[in-house]
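Data first, discussion second: the structure below is written as structure tokens.
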Amino acid sequence: MTDEKLFWIGFNLVKGIGAVRLQALLDHFGELSTAWQAPVCELEQAGLSPKIIQNLLQVRRQVDLSRILSEIERKGIQILTWLDALYPQRLKEIDQPPPVLYLKGSYELEDAWAVAVVGTRHITSYGRQVAAEIGNFLGSHGITVISGLARGVDAVAHTAALDAGGRSLAILGSGVDRIYPPENRQLAERLCQAGGLISDYAPGTPPDSANFPPRNRIISGLSLATVVIEAGLESGALITATFAAEQGREVFAVPGNVNAPQSAGANRLIQDGARPLLAAHEILSALELTCIEEKIETRRSLPSDPTESRIINEMGFEAVHADELSTRLEIPIETVSATLTMMELKGLVRQVGGMSYVAVRESMGYYGVV
């Protein structure tokens, strides 16, 4: 892990510094390591308020970033920032994506095809049946199920996807090492084997009611669509649905008993224009995912983000060192190295010794680079 990533961790700990202010710091200083060490006058010039500057100075004094990084690595937690090739591309598309994600488990290429399944903690037998059917169907058809590891609909959907041999991701309102509710610890362990736990809260952060609504925008942001099953009118699932609509993602709602409070929110979503979901297979047809296996194979053979495209277009048929690519493209070497590793797995490039790579001819021919 690079030294620069230390400072992404550091700023993630400063109250009041989110996506907008972090981008302002990057624009002003170029690198977060410079911003971290900057004097107060320069931090003011970068647009930080006195209160936030005081928060930053306090974290600087109290926090040993190297010790925190060592503890994170000891726990097997990955750190993904905006600069990492593995940072989910779909999440980058939303307004103000979280600058730092903590991941326990894995985020794979096929997780780009994901559907959020959310709903009430106070699940009825009807809701349990529907959540299990939808989770099982999605998992068995190569669609990653994303939810929040909560009691009720979330836990049923996660479990059904895993039982079907699929993948599932849980987005937490706590650190990925602080599982809540505690009865879902075994489920969390299963998720780390066939999916993962993701949070933008630092490891060690306890669950707090204020943390859960903001994490819902990550649930929807990672997903092609959000399915709401049994949600009350004040349910967090409705917050997720609102984020999904704002992000331009499809919203499905399962109709429920008009007399049941657990179904009031889902029924209201339908009344307000959400797509009623009457059968799980309707998700695939609505999202044009009926040939998901072919889509995944195609995606594996193509550049999946602008960094991959820039690298493949810069490479010829002669071997080029990662350092040279970094210099030519003005991209940090750690980003180039991580991207080349992913591109090698996808068959776009081949390592020919040391950190030198050559483009695979078929990939370049497809893009008309030759």
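What whole-number value in cubic angstrom gives the convex hull volume per residue for the C-alpha atoms of region 19-84?
Measuring per residue, one finds 98 Å³ for the Cα hull of region 19-84.
Based on the alpha carbon coordinates of region 113-167, what radius of gyration and maximum Cα-Cα distance (Dmax) apply, in Å?
Reported Rg and Dmax, both Å: 9.7, 28.
Which whole-Hz couplings ³J(HN,Hα) result when phi for each residue of region 32-42 is put into the Karplus expression 6.51 cos²θ - 1.76 cosθ + 1.60, θ = phi - 60°, listed in order with x for Gly and Pro?
Going residue by residue, I get 6, 4, 5, 5, 4, 9, 5, x, 4, 4, 6 Hz, with x marking Gly and Pro.
Could you tell me which trypsin sites (Lys or Arg not before Pro) in region 1-41 are loop residues by DSSP with no more than 16 other beta carbons within 10 angstrom of their beta carbon?
Lys15
How much length is gained if the chain between Glu344 and Glu324 is pulled fully straight, taking 0.36 nm per residue apart and subtracting their Cα-Cα distance, in nm to one decimal?
Values: separation 20, 0.36 × 20 = 7.20 nm, distance 1.74 nm.
Full extension from Glu344 to Glu324 adds 5.5 nm.
Quick check: the distance between the Cα centres of region 171-241 and region 88-148, to the nearest angstrom?
Between the Cα centres of region 171-241 and region 88-148 lies a distance of 9 Å.
Work through the residues other than Leu56 whose Cβ is under 14 Å from its Cβ and net out their charges, Lys, Arg +1 and Asp, Glu -1.
Net charge in that neighbourhood comes out at +3.
With only Lys, Arg, Asp and Glu charged, each at its Cβ (+1 for the first two, -1 for the last two), find how big the charge dipole of the chain is about the Cα centre; round to the nearest 20 debye.
The calculation lands at about 900 debye.
How large is the Rg to Rh ratio of the chain when both quantities use alpha carbon positions and Rh follows Kirkwood?
On the way: Rg = 21.7 Å, Rh = 21.9 Å.
With Rg and the Kirkwood Rh in hand, the quotient comes to 0.99.
Just to be sure I understand the model, the point goes 7 Å from the Cα along the line to the Cβ. What's the resulting Asp163 to Glu288 distance in nm?
Those two pseudo-labels are separated by 3.4 nm.
With the radius of gyration and the Kirkwood radius both derived from the Cα set of region 1-159, what is their ratio Rg to Rh?
When Rh is taken as the Kirkwood radius, the ratio is 1.08.
Residue farthest toward the positive end of the dipole of the chain, with Cβ of Lys/Arg at +1 and Asp/Glu at -1: which of Leu91, Thr307, Leu138?
Leu138
Just subtract the alpha-carbon distance of His122 and Gln45 from 0.36 nm times their residue separation and send over the number in nm, one decimal.
Extending this stretch completely gives an extra 22.7 nm.
Just add up the charged neighbours of Tyr87: K/R +1, D/E -1, any other residue whose Cβ is under 13 Å from the Cβ of Tyr87.
So the surrounding residues net to -4.
How large is the Kirkwood hydrodynamic radius of region 105-293, counting all unique pairs of alpha carbons, in Å? Show your work: numbers first, answer last.
Values: mean 1/r = 0.0630 Å⁻¹.
Every distinct Cα pair counted, the radius reaches 15.9 Å.
Amide H of Gly175: which non-local residues (sequence gap of 5 or more, or other chain) have their own amide H closer than 5 Å, using H built in the peptide plane?
It is Gly204, Thr205, by chain and number.
Specify the residue with the greatest mean-square fluctuation among Tyr201, Tyr102, Tyr126, computed from a Gaussian network of the chain linking alpha-carbon atoms under 10 Å apart.
So, out of Tyr201, Tyr102, Tyr126, the one fluctuating most is Tyr126.
Every number in this text was worked out from the coordinates using simple rules, so none of it is lab data. Computed from a predicted structure; not experimentally measured. Heads up, the Cβs are rebuilt from the backbone with ideal geometry, glycines too, and the neighbour counts pull from every protein chain shown.
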